[in-house]
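What follows is a set of notes on a single structure, which appears directly below.
Laboratory data are not the source of any read-out in this text; all were calculated from the coordinates shown. Computed from a predicted model, the values in this text were never measured in an experiment. Note that each Cβ is placed from the backbone with ideal geometry, even for glycine, and that neighbours are counted across all protein chains shown.
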Amino acid sequence: MTDDLFREEAVKHRTRALFGEVILAGPISTWIITGLLALIFAGIVCFGLFGTINIDGTATPIWKWAIGSST
């Protein structure tokens, strides 16, 4: 018996789904929340890099103050 278990058309139909195109799509609210969080994070990083704090009359960059460097 050399007949296949399934018809050739059925096998082609089933395997076609394995080679389809993958589309990563999410709700628009997910993209908005992700964008807002990225902007907030970028703002915090910029504030830490470019902001200064006044301690005893001396302006110290926030990043130096955060790591404990007094000079």
Next on the checklist: Starting from 0.36 nm per residue, how many nanometres of slack lie between V45 and I33 once their C-alpha separation is accounted for?
Outcome noted: 2.5 nm
Item to check | the stretch 43-51 - phi-based ³J(HN,Hα) in whole Hz, Karplus 6.51/-1.76/1.60, Gly and Pro as x | outcome: x, 5, 5, 5, 4, x, 7, 10, x
Checklist outcome for this item: Most exposed to least, judged by fewest other Cβ atoms within 10 Å, T60, T30 sort to T30, T60
Checklist entry - In terms of modelled amide H atoms, which long-range or inter-chain residues lie less than 5 Å from the amide H of T52? => result I62
